[in-house]
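Down below is the structure, laid out as structure tokens.
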Amino acid sequence: MPSTLDPESAPGIAELGLWATVLRTDCVRMLAVAKSGHLDSSLSAADIVAALFYRVLRHDPKDPSWADRDRFVLSKGHAAPILYAALARHGYFPLADLMGLRKIGEHLQGHPDMGRTPGVEVSTGSLGQGLSMSLGVALAMDLDGREDQRVYCLMSDGDCQEGQSWEAATAACHFADRGGRRLTAIVDYNHLQTDGTTEQVMDIGDMRGKFAAFGWDSVEIDGHDMAAIVDALEATRGADRPAAIVCQTRKGRGVASMEGRFGFHGKPPTPEQAVEALEELEAKLASQMAELQLTRRGEEH
Amino acid sequence: MAGSGEPSATRNAYGAALLELGRDHAEVVALDADLSVSTQSAKFGAEFPDRFFNVGAAEANMMSIACGLAATGKRPYCSTFAIFATGRAYDQVRLGIAHNELPVRIAASHGGVSLGEDGASHQMIEDIALMRAMPRMQVIVPADYNQAYRVTLDSYTDDAPQYLRFGRPATPVVYDEVPAEIGDGADVLREGSDVSLIACGHMVWRALEAADRLQSEDGVSAEVVNVCVIKPIDSQTVLDSIAKTGVAVTAEEHRIVGGLSDAVRQVAAERHPVPIFAVGMGDEFGVSGTGEACMEHFGLTARGIADRAREALLLKPIVSHPPLHRPDWI
Ligand SMILES: Cc1ncc(C[n+]2csc(CCOP(=O)(O)OP(=O)(O)O)c2C)c(N)n1
Ligand SMILES: [Mg+2]
């Protein structure tokens, strides 16, 4: 288990990429069994979530309520499977629980529920509320006089269409000195939503420019370039104002049949699609493993 | 397609009837918030793209835009999930639509817990209460596809703001064809003499099934009343039924606070008090599971209704002979 507490043992870029693939396979399995849920939304965010949970976030799975931990808020709550996969892989709850997704009597709800699932910081699922919730967490960190502690909020295109997100964006800057500076908003800008492309449905345009206009420290990166993700996330630590990382992503990333394509939102894979997706991801995993061993061997010599 | 004997979702009837309205009336416009396939407004959007506005995930914006359209002579139909139509946009609906008494139709799909797997965040169980409390807002909960088709068509001719609640799952029909009218809003679907089962929405076909059970298992004759218009409620039909049977069970896919049960209880309390038991959601949120598993989990079933009716019937002999005056030995 890679520790995110010890910088010495922090996984490198290649290893993070591998974990992202592992999380993707978990999502495919979960959704195939649940026969319900948002697969492509989860795959889109896999690289970002892997970078956070395996490297950037300071958290302790053995002590989910550790007071000094960073917080992760999944504003796009419908991508719950990717969060559940990351939590299970870190031991917040048994991996086997993933197979109970969306079933009656099980704790893994369709959308994250802080009252049921260890490691879920706040319940989400109604778009547009996550950034305000994250700001509240950040303000509380200042009130508690905490040192370098941060809140990472993962948002979607739909989140950015909700007016409340821009109320939060305004307030985060206004309250920068009182906690707002602790906020990192990550936009999973995959240009697809329920009814079509964002350009067709409701174009949100230049997200980097919009956050910048609201006073945020704002960058735009390729949301599947692991080195860029890690760099951008790590650069926000210690910032004196809230930071936005606009990630250009592809919905369904890693599964060729859905990647970047409209028509899969909220649709679970059929058994055949799931098998095909798993074969593709397992092949990817094998090549990532081989690559990792090569780099490790290279380091030894 | 109008009229069908097959199980179908009430939201499908909305989509089909909205399309018909669009063909007949140029001032009908439709709005949605990135859920147009789920709510079925996409059918209208495909045929009338120039009269369709998808605002993205921005429900508050949608309601206030609808206010502006209606204030300028259009007849807007706004669709999204019940949770977002009422919860997210309450103030926008309140001031812009209800207070101004504008003919905006809020077509709220995925009401209740039967939407299933999405879980508590999406399962709206207090929308009827919220919309009933709002001045000038009518609240309409059709029982099946055919009735949903009728209420959507009829909404055009009414000038009041309306909240229309539709559901996600396909459910059996209780009307063999699209009814000719909604009348005063409540229908006696089955006559009976021992107990009134007063239901709305997805609970109506279950109430009919409960009546069958009560008849065959207990020899009890249950009357089934479908209350489609919850506000303003058809108090005469409700009163006639409870005066006849002397005891009632209400059934709704909603909190037992503020919805159908309270509407019926208010009528009864003032004009003909009888014991009224409620089937619905207690002080709790929904959970993830299949739609049917969720209904089962919260007792929103024919068995749940029949069991409550049995409890209510136990009370009947006691309360039907109340001491009307002080006994003279006191
Ligand atoms: C307030 C609110 N409105 C509507 C929805 C229904 N909904 C769920 S996901 C979604 C949009 C999905 O697209 P996007 O936000 O871009 O997410 P992603 O592409 O990352 O899946 C919508 C409208 C919701 N969850 N919350
Ligand atoms: Mg998107």
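The table that follows gives values for the structure above.
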item	result
Selected residue (criterion: nearest to the other protein chains (Cβ to nearest Cβ)) from residues of the range A:28-79 that are open to solvent by 10 Å² or more (accessible area, probe 1.4 Å) and within 11 Å of ligand 1 (Cβ to nearest atom)	A:His78
Selection status of A:Asp97, open to solvent by 10 Å² or more (accessible area, probe 1.4 Å), acidic (Asp, Glu) and more than 14 Å from chain B (Cβ to nearest Cβ)	no
Within the range A:1-87, helices (runs of 4 or more DSSP H) holding 3 or more residues that are of a type in the set (A, V, I, L, M, F, W, C)	A:13-34, A:46-51
When residues of the range A:122-141 are limited to those that are open to solvent by 30 Å² or more (accessible area, probe 1.4 Å) and in contact with a helix residue (DSSP H, G or I) (Cβ under 7 Å, 6 or more places away or on another chain), the one farthest from the other protein chains (Cβ to nearest Cβ)	A:Leu139
Matching option when the condition is open to solvent by less than 50 Å² (accessible area, probe 1.4 Å), in a helix (DSSP H, G or I) and under 25 Å from B:Glu20 (Cβ atoms), among B:Thr237, B:Thr152	B:Thr152
Pick from the range B:122-134, criterion surrounded by 24 or more Cβ atoms within 10 Å (Cβ to Cβ) and outside any helix (DSSP H, G or I), ranking: farthest from the other protein chains (Cβ to nearest Cβ)	B:Ile125
All positions within the range B:59-98 that are part of a helix (DSSP H, G or I) and more than 14 Å from every other protein chain (Cβ to nearest Cβ)	B:Ala66, B:Cys67, B:Gly68, B:Leu69, B:Ala70, B:Ala71, B:Val93, B:Arg94, B:Leu95, B:Gly96, B:Ile97, B:Ala98
Subset of the range A:231-254 that is buried (at least 23 other Cβ atoms within 10 Å of the Cβ) and aliphatic (A, V, I, L, M) - its residue that is farthest from ligand 2 (Cβ to nearest atom)	A:Ala243
Selection count, the range A:166-192, where residues are within 16 Å of ligand 1 (Cβ to nearest atom) and in contact (Cβ under 8 Å) with a residue 40 or more places away in the chain	9
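Let's see how each residue does on (1) of a type in the set (A, V, I, L, M); (2) buried (at least 16 other Cβ atoms within 10 Å of the Cβ):
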| residue | (1), (2) |
| --- | --- |
| A:Ala172 | yes, yes |
| A:Gly180 | no, yes |
| A:Ala185 | yes, yes |
| A:Asn190 | no, yes |
| A:Glu199 | no, no |
| A:Lys210 | no, yes |
| A:Asp217 | no, yes |
| A:His224 | no, yes |
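The values are calculated or read from the model by the stated rules, or taken from the named source; none is laboratory data. Just so you know, these numbers come straight off a predicted model, no measurement behind them. Using ideal geometry, Cβ is built from the backbone for each residue, glycine included, and neighbour counts are taken over all protein chains shown. The protein model used for the area step is the full one, side chains on, heavy atoms only, and it has no ligands, DNA or RNA in it. Shrake-Rupley method; radii C 1.70, N 1.55, O 1.52, S 1.80 Å.
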